[in-house]
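J.: Dropping a structure here in C-alpha coordinates format, bear with me for questions.
The values are calculated or read from the model by the stated rules, or taken from the named source; none is laboratory data. What you see is a predicted model; the values in this text were computed from it and never measured. Ideal geometry is used to build each Cβ from the backbone, glycine not excepted, and the neighbour counts take in all protein chains shown.
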Amino acid sequence: MNVNNIILAVCVVGGIGLIFGLLLAYASHIFKVEVDERVEKIQGILPGANCGSCGYAGCAAFAEAVVNGTAPVNGCTVGKAPVAEKVAGIMGVDAGEVKEVVARVMCTGDAASVVYKFEYSGIDDCKAAAKFGGGSKGCQSGCVGLGRCAKVCPFGAIEVKNGVAVVDDEKCQACGKCIKECPKALIKLVPKKQRHWVVCSNPETGKFVNQYCKNGCIGCRMCEKECHFDAIHVENNHAIIDYDKCKNCGLCAKKCPRGVIVSIPRPGAKPKVVVKDTPEENQ
Amino acid sequence: MALQIVSIMLSALLTENFVMVKFLGICPFLGVSKKVETSIGMGMAVTFVMALASAFTWIVNKALLIPFGLVYLQTIAFILIIAGLVQFVEMFMKKSMPALYSALGIYLPLITTNCAVLGVTLLNVQNYPDSFLFTLLYGVFAALGFTLAMLLMAGIREALDEESIPASFRGFPTALLTAGLMAIAFMGFSGFSLGG
(Lines give C-alpha, C1' and ligand atoms only; values in the text may rest on other atoms or scores of the structure.)
Protein backbone atom coordinates (compact mmCIF):
# COMPACT_ATOMS: atom_id res chain seq x y z
CA MET A 1 0.00 0.00 0.00
CA ASN A 2 1.40 3.28 -1.11
CA VAL A 3 0.77 6.54 0.71
CA ASN A 4 0.13 8.13 -2.65
CA ASN A 5 -2.81 5.81 -3.17
CA ILE A 6 -4.42 7.03 0.01
CA ILE A 7 -3.86 10.67 -0.90
CA LEU A 8 -5.21 10.01 -4.38
CA ALA A 9 -8.33 8.36 -3.02
CA VAL A 10 -8.92 11.23 -0.62
CA CYS A 11 -8.41 13.77 -3.38
CA VAL A 12 -10.71 12.05 -5.87
CA VAL A 13 -13.58 11.33 -3.49
CA GLY A 14 -13.10 14.65 -1.72
CA GLY A 15 -13.02 16.40 -5.07
CA ILE A 16 -16.26 14.78 -6.19
CA GLY A 17 -17.81 15.78 -2.88
CA LEU A 18 -16.53 19.32 -3.20
CA ILE A 19 -17.84 19.74 -6.73
CA PHE A 20 -21.26 18.40 -5.78
CA GLY A 21 -21.25 20.56 -2.68
CA LEU A 22 -20.55 23.68 -4.69
CA LEU A 23 -23.21 22.78 -7.25
CA LEU A 24 -25.72 22.19 -4.48
CA ALA A 25 -24.84 25.45 -2.81
CA TYR A 26 -25.48 27.21 -6.10
CA ALA A 27 -28.69 25.25 -6.68
CA SER A 28 -29.97 26.08 -3.20
CA HIS A 29 -29.54 29.72 -4.11
CA ILE A 30 -31.61 29.34 -7.26
CA PHE A 31 -34.28 27.11 -5.79
CA LYS A 32 -34.62 29.03 -2.57
CA VAL A 33 -38.12 28.79 -1.14
CA GLU A 34 -39.33 31.83 0.71
CA VAL A 35 -40.30 30.49 4.11
CA ASP A 36 -42.11 32.88 6.37
CA GLU A 37 -39.63 33.44 9.16
CA ARG A 38 -42.48 33.64 11.65
CA VAL A 39 -43.08 29.91 11.13
CA GLU A 40 -39.60 29.09 12.34
CA LYS A 41 -39.84 31.53 15.24
CA ILE A 42 -43.13 30.06 16.41
CA GLN A 43 -41.77 26.57 16.04
CA GLY A 44 -38.90 27.54 18.29
CA ILE A 45 -41.31 28.63 21.00
CA LEU A 46 -43.61 25.63 20.88
CA PRO A 47 -42.86 22.80 23.31
CA GLY A 48 -41.94 20.43 20.49
CA ALA A 49 -43.73 17.48 22.05
CA ASN A 50 -45.60 16.87 18.77
CA CYS A 51 -48.49 15.55 20.86
CA GLY A 52 -51.14 16.59 18.36
CA SER A 53 -53.57 17.96 20.95
CA CYS A 54 -53.91 21.18 18.94
CA GLY A 55 -55.45 19.12 16.15
CA TYR A 56 -52.47 19.39 13.80
CA ALA A 57 -49.95 16.74 12.85
CA GLY A 58 -47.23 18.25 14.99
CA CYS A 59 -45.67 21.44 16.25
CA ALA A 60 -44.35 22.34 12.78
CA ALA A 61 -47.77 21.93 11.18
CA PHE A 62 -49.35 23.98 13.95
CA ALA A 63 -46.81 26.79 13.51
CA GLU A 64 -47.55 26.89 9.81
CA ALA A 65 -51.29 26.93 10.46
CA VAL A 66 -50.93 29.82 12.90
CA VAL A 67 -49.06 31.88 10.32
CA ASN A 68 -51.64 31.01 7.68
CA GLY A 69 -54.33 32.15 10.06
CA THR A 70 -56.12 28.81 10.23
CA ALA A 71 -55.10 28.03 13.80
CA PRO A 72 -55.60 30.27 16.84
CA VAL A 73 -52.48 31.67 18.50
CA ASN A 74 -53.54 30.08 21.77
CA GLY A 75 -54.15 26.67 20.21
CA CYS A 76 -51.26 24.93 21.97
CA THR A 77 -52.76 23.19 24.98
CA VAL A 78 -49.42 22.05 26.32
CA GLY A 79 -47.69 25.43 26.23
CA LYS A 80 -50.75 27.25 27.59
CA ALA A 81 -50.67 30.96 28.36
CA PRO A 82 -46.91 31.66 28.28
CA VAL A 83 -46.54 30.11 24.83
CA ALA A 84 -49.74 31.70 23.58
CA GLU A 85 -48.46 35.14 24.60
CA LYS A 86 -45.16 34.70 22.80
CA VAL A 87 -46.87 33.32 19.69
CA ALA A 88 -49.31 36.22 19.78
CA GLY A 89 -46.34 38.58 20.10
CA ILE A 90 -44.84 37.19 16.92
CA MET A 91 -48.12 37.36 15.08
CA GLY A 92 -48.84 40.82 16.41
CA VAL A 93 -52.24 39.98 17.86
CA ASP A 94 -53.74 39.68 21.31
CA ALA A 95 -53.39 36.26 22.90
CA GLY A 96 -56.86 36.38 24.37
CA GLU A 97 -57.77 34.27 27.32
CA VAL A 98 -56.40 30.78 27.27
CA LYS A 99 -59.00 28.49 28.72
CA GLU A 100 -57.00 25.93 30.58
CA VAL A 101 -58.63 22.59 30.92
CA VAL A 102 -57.67 19.38 32.58
CA ALA A 103 -58.90 15.83 32.18
CA ARG A 104 -61.10 14.46 34.95
CA VAL A 105 -62.29 10.93 35.50
CA MET A 106 -65.98 11.02 36.28
CA CYS A 107 -66.01 8.04 38.61
CA THR A 108 -64.81 7.30 42.12
CA GLY A 109 -66.13 3.78 42.37
CA ASP A 110 -62.93 2.36 43.84
CA ALA A 111 -62.33 -1.15 45.07
CA ALA A 112 -63.51 -0.32 48.58
CA SER A 113 -66.82 1.18 47.62
CA VAL A 114 -68.20 -0.91 44.79
CA VAL A 115 -69.67 -4.37 44.59
CA TYR A 116 -67.93 -6.65 42.13
CA LYS A 117 -70.09 -8.94 40.02
CA PHE A 118 -67.24 -11.35 39.36
CA GLU A 119 -63.49 -11.54 39.37
CA TYR A 120 -62.07 -10.59 36.00
CA SER A 121 -58.89 -12.34 34.97
CA GLY A 122 -58.97 -11.87 31.21
CA ILE A 123 -56.93 -9.62 28.95
CA ASP A 124 -55.43 -6.77 30.97
CA ASP A 125 -57.15 -3.99 29.08
CA CYS A 126 -60.22 -1.84 29.76
CA LYS A 127 -61.77 -2.27 26.34
CA ALA A 128 -61.49 -6.07 26.51
CA ALA A 129 -62.83 -6.15 30.06
CA ALA A 130 -65.68 -3.77 29.24
CA LYS A 131 -66.88 -6.14 26.53
CA PHE A 132 -67.12 -8.87 29.11
CA GLY A 133 -70.44 -8.11 30.76
CA GLY A 134 -69.63 -4.42 30.99
CA GLY A 135 -66.69 -4.99 33.31
CA SER A 136 -66.48 -6.70 36.67
CA LYS A 137 -67.92 -3.83 38.68
CA GLY A 138 -71.63 -3.83 39.42
CA CYS A 139 -71.95 -0.38 37.91
CA GLN A 140 -72.27 -0.53 34.13
CA SER A 141 -70.81 2.93 33.71
CA GLY A 142 -68.03 2.78 36.27
CA CYS A 143 -64.29 2.97 35.69
CA VAL A 144 -63.05 -0.45 34.59
CA GLY A 145 -59.79 0.28 36.36
CA LEU A 146 -57.32 -1.53 34.13
CA GLY A 147 -55.60 1.69 33.15
CA ARG A 148 -56.00 1.91 29.39
CA CYS A 149 -56.01 5.69 29.85
CA ALA A 150 -52.82 5.55 31.93
CA LYS A 151 -51.11 3.55 29.19
CA VAL A 152 -51.95 6.03 26.43
CA CYS A 153 -51.14 9.15 28.44
CA PRO A 154 -47.97 10.63 26.93
CA PHE A 155 -47.33 12.66 30.06
CA GLY A 156 -47.74 9.95 32.70
CA ALA A 157 -50.52 11.94 34.31
CA ILE A 158 -52.97 9.13 34.99
CA GLU A 159 -52.62 6.51 37.62
CA VAL A 160 -55.00 3.77 38.65
CA LYS A 161 -55.56 3.93 42.38
CA ASN A 162 -57.69 1.25 43.99
CA GLY A 163 -59.34 0.36 40.75
CA VAL A 164 -60.15 3.91 39.65
CA ALA A 165 -58.14 6.10 37.32
CA VAL A 166 -57.01 9.39 38.85
CA VAL A 167 -55.59 12.32 36.88
CA ASP A 168 -52.65 14.30 38.18
CA ASP A 169 -53.50 17.98 37.58
CA GLU A 170 -49.89 19.03 37.42
CA LYS A 171 -48.92 16.55 34.74
CA CYS A 172 -52.10 16.60 32.64
CA GLN A 173 -51.73 18.64 29.46
CA ALA A 174 -55.30 18.12 28.28
CA CYS A 175 -54.25 16.44 25.06
CA GLY A 176 -57.38 14.31 25.11
CA LYS A 177 -55.80 10.99 24.21
CA CYS A 178 -57.30 9.25 27.24
CA ILE A 179 -60.77 10.54 26.38
CA LYS A 180 -60.78 8.59 23.15
CA GLU A 181 -59.57 5.41 24.80
CA CYS A 182 -61.96 5.12 27.76
CA PRO A 183 -64.57 2.47 26.87
CA LYS A 184 -66.99 4.04 29.36
CA ALA A 185 -66.40 7.61 28.14
CA LEU A 186 -65.74 8.66 31.72
CA ILE A 187 -62.98 11.17 31.08
CA LYS A 188 -64.00 14.73 30.37
CA LEU A 189 -62.13 18.00 30.02
CA VAL A 190 -62.99 20.32 32.87
CA PRO A 191 -61.77 23.92 33.19
CA LYS A 192 -58.72 24.01 35.41
CA LYS A 193 -60.21 26.84 37.46
CA GLN A 194 -63.21 24.68 38.26
CA ARG A 195 -62.81 23.36 41.78
CA HIS A 196 -66.02 21.36 41.99
CA TRP A 197 -67.26 18.64 39.77
CA VAL A 198 -69.41 15.54 40.01
CA VAL A 199 -67.48 12.32 39.97
CA CYS A 200 -70.20 9.98 38.85
CA SER A 201 -71.83 9.39 35.51
CA ASN A 202 -74.15 6.46 36.07
CA PRO A 203 -77.52 6.61 34.36
CA GLU A 204 -79.30 4.34 36.85
CA THR A 205 -81.74 5.35 39.56
CA GLY A 206 -80.66 5.77 43.16
CA LYS A 207 -82.09 2.42 44.12
CA PHE A 208 -79.75 0.56 41.81
CA VAL A 209 -76.77 2.74 42.65
CA ASN A 210 -77.21 1.92 46.33
CA GLN A 211 -76.89 -1.75 45.55
CA TYR A 212 -73.46 -1.60 43.98
CA CYS A 213 -71.65 1.65 44.73
CA LYS A 214 -71.20 3.61 47.93
CA ASN A 215 -69.81 6.60 46.03
CA GLY A 216 -72.39 6.89 43.27
CA CYS A 217 -74.79 9.75 42.71
CA ILE A 218 -78.35 8.78 43.61
CA GLY A 219 -79.96 11.74 41.94
CA CYS A 220 -81.52 13.13 45.14
CA ARG A 221 -81.43 16.69 43.79
CA MET A 222 -80.28 18.18 47.11
CA CYS A 223 -77.43 19.93 45.32
CA GLU A 224 -79.84 21.33 42.78
CA LYS A 225 -81.93 22.92 45.53
CA GLU A 226 -78.87 24.22 47.32
CA CYS A 227 -77.31 25.97 44.33
CA HIS A 228 -77.89 29.73 44.12
CA PHE A 229 -76.69 30.01 40.56
CA ASP A 230 -78.75 27.40 38.77
CA ALA A 231 -75.46 25.70 37.95
CA ILE A 232 -76.11 22.10 38.94
CA HIS A 233 -78.81 19.85 37.61
CA VAL A 234 -79.64 16.19 37.78
CA GLU A 235 -79.81 14.78 34.31
CA ASN A 236 -79.96 11.14 33.43
CA ASN A 237 -79.99 10.26 37.15
CA HIS A 238 -76.77 12.01 38.07
CA ALA A 239 -75.84 15.60 38.85
CA ILE A 240 -74.06 17.66 36.24
CA ILE A 241 -72.42 21.03 36.91
CA ASP A 242 -72.62 23.77 34.31
CA TYR A 243 -69.07 25.11 34.50
CA ASP A 244 -70.02 28.40 32.92
CA LYS A 245 -72.52 29.19 35.65
CA CYS A 246 -70.74 27.64 38.62
CA LYS A 247 -69.08 30.12 40.98
CA ASN A 248 -67.20 27.47 42.92
CA CYS A 249 -68.93 28.31 46.18
CA GLY A 250 -68.93 24.69 47.25
CA LEU A 251 -72.39 24.61 48.81
CA CYS A 252 -73.45 21.62 46.73
CA ALA A 253 -70.41 19.64 47.76
CA LYS A 254 -71.17 20.27 51.44
CA LYS A 255 -74.78 19.26 51.03
CA CYS A 256 -74.23 16.09 49.00
CA PRO A 257 -75.11 13.06 51.14
CA ARG A 258 -72.92 10.77 49.04
CA GLY A 259 -69.86 12.99 48.82
CA VAL A 260 -69.97 12.58 45.08
CA ILE A 261 -69.17 16.22 44.37
CA VAL A 262 -65.46 16.79 44.55
CA SER A 263 -64.31 19.95 46.23
CA ILE A 264 -60.70 20.94 45.95
CA PRO A 265 -59.41 23.91 47.94
CA ARG A 266 -58.44 27.20 46.35
CA PRO A 267 -55.16 27.23 44.43
CA GLY A 268 -52.19 27.11 46.71
CA ALA A 269 -53.53 24.45 48.99
CA LYS A 270 -52.92 20.84 48.15
CA PRO A 271 -55.93 19.16 46.52
CA LYS A 272 -57.79 16.75 48.69
CA VAL A 273 -57.51 13.19 47.52
CA VAL A 274 -60.77 12.10 46.01
CA VAL A 275 -60.48 8.48 47.01
CA LYS A 276 -61.49 8.13 50.63
CA ASP A 277 -59.99 6.06 53.46
CA THR A 278 -58.71 3.20 51.38
CA PRO A 279 -55.38 1.43 51.73
CA GLU A 280 -52.69 2.32 49.18
CA GLU A 281 -52.79 -0.83 47.16
CA ASN A 282 -54.37 -1.76 43.87
CA GLN A 283 -57.62 -3.65 44.32
CA MET B 1 -27.39 -2.84 -31.88
CA ALA B 2 -31.11 -2.15 -32.22
CA LEU B 3 -31.86 -5.60 -30.89
CA GLN B 4 -29.59 -5.01 -27.97
CA ILE B 5 -31.30 -1.73 -27.15
CA VAL B 6 -34.73 -3.39 -27.21
CA SER B 7 -33.35 -6.20 -25.13
CA ILE B 8 -31.99 -3.81 -22.49
CA MET B 9 -35.28 -1.97 -22.38
CA LEU B 10 -37.34 -5.12 -21.98
CA SER B 11 -35.09 -6.71 -19.43
CA ALA B 12 -34.91 -3.55 -17.30
CA LEU B 13 -38.65 -3.06 -17.49
CA LEU B 14 -39.93 -6.60 -17.08
CA THR B 15 -37.64 -9.60 -16.91
CA GLU B 16 -35.23 -7.99 -14.51
CA ASN B 17 -37.67 -5.60 -12.92
CA PHE B 18 -35.84 -4.03 -10.00
CA VAL B 19 -38.62 -4.35 -7.49
CA MET B 20 -40.31 -7.55 -8.57
CA VAL B 21 -37.40 -9.68 -9.70
CA LYS B 22 -34.30 -8.20 -8.12
CA PHE B 23 -36.11 -7.10 -4.94
CA LEU B 24 -34.34 -3.77 -4.76
CA GLY B 25 -35.98 -0.56 -3.56
CA ILE B 26 -38.67 -2.29 -1.53
CA CYS B 27 -38.90 0.46 1.09
CA PRO B 28 -40.37 3.20 -1.11
CA PHE B 29 -42.26 0.54 -3.07
CA LEU B 30 -44.24 -0.32 0.06
CA GLY B 31 -44.11 3.11 1.66
CA VAL B 32 -45.38 5.34 -1.12
CA SER B 33 -47.66 2.97 -3.00
CA LYS B 34 -50.84 3.89 -1.15
CA LYS B 35 -52.02 6.36 -3.77
CA VAL B 36 -51.53 6.29 -7.53
CA GLU B 37 -50.75 9.99 -7.57
CA THR B 38 -47.88 9.90 -5.09
CA SER B 39 -46.53 6.70 -6.60
CA ILE B 40 -46.24 8.40 -9.98
CA GLY B 41 -44.48 11.34 -8.34
CA MET B 42 -42.10 9.03 -6.55
CA GLY B 43 -41.51 7.07 -9.74
CA MET B 44 -40.68 10.26 -11.62
CA ALA B 45 -38.30 11.41 -8.89
CA VAL B 46 -36.56 8.02 -8.88
CA THR B 47 -36.41 8.02 -12.69
CA PHE B 48 -34.79 11.42 -12.66
CA VAL B 49 -32.27 10.43 -10.01
CA MET B 50 -31.51 7.09 -11.65
CA ALA B 51 -30.99 8.58 -15.10
CA LEU B 52 -28.71 11.31 -13.81
CA ALA B 53 -26.95 8.91 -11.45
CA SER B 54 -26.30 6.48 -14.34
CA ALA B 55 -24.81 9.24 -16.45
CA PHE B 56 -22.73 10.82 -13.70
CA THR B 57 -21.43 7.57 -12.28
CA TRP B 58 -20.46 6.37 -15.75
CA ILE B 59 -18.49 9.54 -16.33
CA VAL B 60 -16.89 9.46 -12.90
CA ASN B 61 -16.07 5.80 -13.24
CA LYS B 62 -14.60 6.20 -16.70
CA ALA B 63 -12.80 9.49 -16.15
CA LEU B 64 -11.67 9.25 -12.54
CA LEU B 65 -11.94 5.88 -10.90
CA ILE B 66 -10.51 3.65 -13.65
CA PRO B 67 -7.58 5.88 -14.69
CA PHE B 68 -6.53 6.40 -11.10
CA GLY B 69 -7.03 2.75 -10.18
CA LEU B 70 -9.67 3.60 -7.61
CA VAL B 71 -12.32 1.11 -8.74
CA TYR B 72 -12.45 -0.24 -5.19
CA LEU B 73 -13.96 3.11 -4.17
CA GLN B 74 -16.90 2.69 -6.56
CA THR B 75 -19.55 2.18 -3.91
CA ILE B 76 -18.59 5.17 -1.80
CA ALA B 77 -18.09 7.48 -4.78
CA PHE B 78 -21.44 6.44 -6.27
CA ILE B 79 -23.25 6.97 -2.99
CA LEU B 80 -21.76 10.44 -2.85
CA ILE B 81 -23.04 11.24 -6.32
CA ILE B 82 -26.48 9.80 -5.61
CA ALA B 83 -26.75 11.74 -2.35
CA GLY B 84 -25.88 14.96 -4.15
CA LEU B 85 -28.45 14.30 -6.87
CA VAL B 86 -31.18 13.47 -4.40
CA GLN B 87 -30.47 16.67 -2.52
CA PHE B 88 -30.81 18.53 -5.78
CA VAL B 89 -34.11 16.81 -6.62
CA GLU B 90 -35.38 17.67 -3.15
CA MET B 91 -34.59 21.35 -3.59
CA PHE B 92 -36.12 21.36 -7.03
CA MET B 93 -39.32 19.71 -5.82
CA LYS B 94 -39.66 21.93 -2.78
CA LYS B 95 -39.56 24.90 -5.09
CA SER B 96 -41.68 23.76 -7.99
CA MET B 97 -43.94 21.00 -6.62
CA PRO B 98 -44.56 21.67 -2.92
CA ALA B 99 -47.66 19.46 -2.85
CA LEU B 100 -45.79 16.44 -4.16
CA TYR B 101 -42.87 17.34 -1.89
CA SER B 102 -45.01 17.09 1.23
CA ALA B 103 -46.83 13.99 -0.07
CA LEU B 104 -43.57 12.10 -0.56
CA GLY B 105 -42.34 13.19 2.86
CA ILE B 106 -39.48 11.20 4.26
CA TYR B 107 -39.34 8.89 1.25
CA LEU B 108 -37.87 11.59 -0.93
CA PRO B 109 -34.58 12.00 0.96
CA LEU B 110 -34.63 8.24 1.40
CA ILE B 111 -34.02 7.81 -2.34
CA THR B 112 -30.40 8.40 -1.31
CA THR B 113 -30.37 5.05 0.39
CA ASN B 114 -32.65 3.43 -2.15
CA CYS B 115 -30.68 0.34 -3.05
CA ALA B 116 -32.30 0.31 -6.51
CA VAL B 117 -30.41 3.48 -7.45
CA LEU B 118 -27.07 2.20 -6.20
CA GLY B 119 -27.92 -1.17 -7.73
CA VAL B 120 -28.44 0.36 -11.16
CA THR B 121 -25.14 2.20 -11.09
CA LEU B 122 -23.18 -0.81 -9.89
CA LEU B 123 -24.84 -3.14 -12.41
CA ASN B 124 -24.11 -0.62 -15.14
CA VAL B 125 -20.38 -0.53 -14.55
CA GLN B 126 -20.45 -4.29 -14.41
CA ASN B 127 -22.54 -4.96 -17.51
CA TYR B 128 -21.94 -1.97 -19.78
CA PRO B 129 -18.58 -0.54 -18.80
CA ASP B 130 -17.93 0.90 -22.25
CA SER B 131 -21.23 2.17 -23.56
CA PHE B 132 -22.65 5.41 -22.22
CA LEU B 133 -25.83 4.91 -24.24
CA PHE B 134 -26.56 1.49 -22.79
CA THR B 135 -25.81 2.75 -19.31
CA LEU B 136 -28.23 5.60 -19.66
CA LEU B 137 -30.88 3.38 -21.26
CA TYR B 138 -30.60 0.77 -18.55
CA GLY B 139 -30.81 3.44 -15.87
CA VAL B 140 -33.91 5.06 -17.35
CA PHE B 141 -35.71 1.81 -18.07
CA ALA B 142 -34.87 0.26 -14.71
CA ALA B 143 -36.41 3.35 -13.12
CA LEU B 144 -39.44 3.07 -15.39
CA GLY B 145 -39.71 -0.55 -14.34
CA PHE B 146 -39.65 0.62 -10.73
CA THR B 147 -42.36 3.16 -11.54
CA LEU B 148 -44.41 0.50 -13.30
CA ALA B 149 -44.24 -1.79 -10.28
CA MET B 150 -45.17 1.10 -7.97
CA LEU B 151 -48.04 2.13 -10.18
CA LEU B 152 -49.46 -1.40 -10.39
CA MET B 153 -49.11 -1.80 -6.65
CA ALA B 154 -50.76 1.56 -5.94
CA GLY B 155 -53.66 0.70 -8.24
CA ILE B 156 -54.19 -2.62 -6.50
CA ARG B 157 -53.89 -1.07 -3.05
CA GLU B 158 -56.37 1.66 -3.87
CA ALA B 159 -58.85 -0.98 -5.00
CA LEU B 160 -58.12 -3.13 -1.96
CA ASP B 161 -58.81 -0.21 0.36
CA GLU B 162 -62.48 -0.50 -0.48
CA GLU B 163 -62.68 -4.21 0.23
CA SER B 164 -63.70 -5.55 3.60
CA ILE B 165 -60.47 -7.18 4.64
CA PRO B 166 -60.21 -8.84 8.08
CA ALA B 167 -58.83 -6.32 10.57
CA SER B 168 -55.58 -8.16 11.17
CA PHE B 169 -54.83 -8.24 7.45
CA ARG B 170 -55.52 -4.59 6.76
CA GLY B 171 -52.67 -2.36 5.65
CA PHE B 172 -49.19 -3.80 5.42
CA PRO B 173 -50.02 -7.52 5.67
CA THR B 174 -52.18 -7.31 2.54
CA ALA B 175 -49.61 -5.08 0.87
CA LEU B 176 -46.90 -7.65 1.48
CA LEU B 177 -49.09 -10.50 0.25
CA THR B 178 -49.94 -8.47 -2.85
CA ALA B 179 -46.28 -7.72 -3.46
CA GLY B 180 -45.47 -11.41 -3.20
CA LEU B 181 -48.17 -12.38 -5.69
CA MET B 182 -47.02 -9.63 -8.05
CA ALA B 183 -43.45 -10.90 -7.83
CA ILE B 184 -44.66 -14.37 -8.78
CA ALA B 185 -46.53 -12.86 -11.72
CA PHE B 186 -43.38 -11.05 -12.87
CA MET B 187 -41.53 -14.36 -12.79
CA GLY B 188 -43.65 -15.19 -15.83
CA PHE B 189 -41.58 -12.74 -17.87
CA SER B 190 -38.37 -14.57 -17.16
CA GLY B 191 -39.00 -16.83 -20.15
CA PHE B 192 -38.58 -13.85 -22.48
CA SER B 193 -35.27 -13.37 -24.07
CA LEU B 194 -34.16 -11.53 -27.18
CA GLY B 195 -30.64 -12.73 -27.50
CA GLY B 196 -28.20 -9.89 -26.93
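J.: Collect the residues in the stretch B:76-102 that are free of Cβ contacts under 8 Å to residues at least 60 places away in the same chain, assigned to a helix (DSSP H, G or I) and away from chain A (no Cβ under 11 Å), keeping them in residue-number order.
T.: Listed by number, the list holds a single entry, B:A99.
J.: Can I ask one more? Would you pick out the residues in the stretch B:32-51 that are surrounded by fewer than 20 Cβ atoms within 10 Å (Cβ to Cβ) and closer than 18 Å to B:L118 by Cβ?
T.: Within the stretch B:32-51, B:T47, B:F48 qualify.
J.: All but one of (1) more than 23 Å from the chain's Cα centre (by Cα); (2) modelled with pLDDT of 85 or more; (3) crowded, with 17+ Cβ neighbours inside 10 Å hold for A:Y116; which doesn't?
T.: (3)
J.: A:T278: at pLDDT 85 or above, among the polar types (S, T, N, Q) and more than 20 Å from A:A103 (Cα to Cα), yes or no?
T.: Working: at pLDDT 85 or above: no; among the polar types (S, T, N, Q): yes; more than 20 Å from A:A103 (Cα to Cα): yes.
In short, no.
J.: Out of the helices (runs of 4 or more DSSP H) lying entirely within the stretch A:92-205, which hold 3 or more residues that are closer than 27 Å to A:V73 by Cα and in contact with a helix residue (DSSP H, G or I) (Cβ under 9 Å, 6 or more places away or on another chain)? Lay out the reasoning, then the answer.
T.: Working: elements: A:126-131, A:148-152, A:177-181.
In the stretch A:92-205, A:177-181 are the helices (runs of 4 or more DSSP H) which contain 3 or more residues that are closer than 27 Å to A:V73 by Cα and in contact with a helix residue (DSSP H, G or I) (Cβ under 9 Å, 6 or more places away or on another chain).
J.: Then there's this: Within the stretch B:63-75, how many residues turn out to be surrounded by fewer than 19 Cβ atoms within 10 Å (Cβ to Cβ) and in contact (Cβ under 8 Å) with a residue 40 or more places away in the chain?
T.: Result for the stretch B:63-75: 1.
J.: Given the conditions (1) farther than 23 Å from A:C256 by Cα; (2) buried (at least 20 other Cβ atoms within 10 Å of the Cβ); (3) of a type outside the set (V, I, T), report the number of the one that A:G156 does not fulfil.
T.: (2)
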